[in-house]
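Here's the structure, in structure tokens; my notes come after.
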Amino acid sequence: MITDWDTIIIGAGAAGLFCAPYAAEGGKRTLVIDHATKPGEKIRISGGGRCNFTNMHAEPANFTGQNPHFHKSALARFTQWDFIEMVDRAGIAWHEKTLGQLFCDGKSTQIVDLLVQNLKDAGAELRLSTSVENLEQTDDGFALTTSAGALTCRNLVLATGGKSIPRMGATGFAYDIARQFGHNIINPRPALVPLTFPEGRFAALSGVSLPVRVWTQSASFDEAMLFTHRGLSGPAILQISSFWHEGTSIHVDLTGGRDLFSALRDQRQAEGRRQLSTELANHLPARLVEFLATEWADRFDLTQRLADQSDTALRALTDQLSDWSLTPSGSEGYRTAEVTLGGIATDGIDSKSMMSKTVPGLYFIGECVDVTGWLGGFNFQWAWSSAHAAGRHIAEA
């Protein structure tokens, strides 16, 4: 069994698997290890089992991190179109859902199988059920003590992801190693995650969904929102969770951008005897209207007739509907978070190669880096792009 390698990649997820074939070019001995028993488990469960593998509209503006420019180089050199071409060559059928999100027609395991096959075709090796117990820098590279024995390598790639979905084996391993080698960590926190509210706040609305605009001071999204027993979820909430901070509010436009003031005023002229709540239920889910009748009872009496509402009263109501300020008590945490915000600070990483600026041969790729994409395939694209950048640099060195 080979123990000395040109490159060892720790992490058999999206980034690690994708990096291996590039790093192995030219016959360079490349090994991918992971403590899991199967490769690509997060790929397998993603997109409801169909893997939202990229987004047709991926561009730097869809990513956040302390340095808003860091990710531009990698994304430009391996784009969504490059990955789509790879999927097409493999004969994997796909389709576009809303907002440019691309999914497999079949199972997400098709993507996993593609990555593993590319790895093998390039001559790289994959070893699962192998955990790293100790890691040290040597004169020639790195020495690893693993559950399967001692290993050495010249290049070491950290691709172990963040803390999201711990039941899939996620840990803060990459952060620990980065700190060991003097890198700073931007405080990690759950992202693309449902937001929670005090017990029972929205229990009566559980299951109700509607299109909304949701925003904070730094971002806004127009997508669906879902009420749950624990609070708020749905694409709009998952998106805004990456920009929300504890103790602050989010703002929700329940009208979805529609002009409800004009609609209610016109209906007042045509059907003035109708109850205000009855007319609102033509524009919003009935259970939501019933909830708001109680929630806002101190400001609005939704049992009154439309004819009894002045323009001022209607304007006040529709203004409230278009800017409902809510303060979450927290989030559902890493248990349900799709990704981890924060991570290894990019000021210590070369943006073109993903290599450490202070430790030659040490690379960081994928979710463990302080680059987080929006919901909708963007985080997979960052995995592909950052892995390509590191793999190419290793191959060309």
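Numbers below:
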{"item": "Qualifying residues in the range 243-255 (those that are crowded, with 19+ Cβ neighbours inside 10 Å and outside any strand (DSSP E or B)) - the one farthest from the chain's Cα centre (by Cα)", "result": "T255"}
{"item": "Residue that is farthest from C153 (Cα to Cα) [pool: residues in the range 307-363 that are assigned to a strand (DSSP E or B) and among the hydroxyl-bearing types (S, T, Y)]", "result": "S325"}
{"item": "Pair list, Cβ under 8 Å, 6 or more apart: the range 263-282 residue closer than 13 Å to R305 by Cβ, other residue assigned to a helix (DSSP H, G or I) and open to solvent by 30 Å² or more (accessible area, probe 1.4 Å)", "result": "R268/A307; G272/A307; R273/A307; R274/Q267; S277/E290; S277/A293; E279/Q267"}
{"item": "Failed condition for S262, given (1) modelled with pLDDT under 95; (2) of a type outside the set (A, V, I, L, M, F, W, C); (3) in contact with a Lys or Arg (Cβ under 6 Å, 6 or more places away or on another chain)", "result": "(3)"}
{"item": "Flag if A345 is over 18 Å from L135 (Cβ atoms), surrounded by fewer than 24 Cβ atoms within 10 Å (Cβ to Cβ) and of a type in the set (A, V, I, L, M)", "result": "yes"}
{"item": "Filter result (touching an Asp or Glu at 6+ places or on another chain (Cβ under 9 Å) and either under 14 Å from P68 (Cα atoms) or open to solvent by 10 Å² or more (accessible area, probe 1.4 Å) (or both)) within the range 350-369", "result": "K357"}
{"item": "All positions within the range 291-301 that are in a helix (DSSP H, G or I) and either in contact (Cβ under 8 Å) with a residue 24 or more places away in the chain or open to solvent by less than 40 Å² (accessible area, probe 1.4 Å) (or both)", "result": "F291, L292, A293"}
{"item": "Residue ID - nearest to T160 (Cα to Cα), chosen from residues in the range 332-342 that are touching a Leu at 6+ places or on another chain (Cβ under 7 Å) and open to solvent by less than 40 Å² (accessible area, probe 1.4 Å)", "result": "V339"}
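The values are calculated or read from the model by the stated rules, or taken from the named source; none is laboratory data. Bear in mind the structure is a predicted one, so any value in this text is a computation, not a measurement. We place every Cβ from the backbone using ideal geometry, glycine too, and count neighbours over all the protein chains shown. Accessible surface is based on the protein model in full, side chains and every heavy atom, while ligands, DNA and RNA are left aside. Shrake-Rupley method; radii C 1.70, N 1.55, O 1.52, S 1.80 Å.
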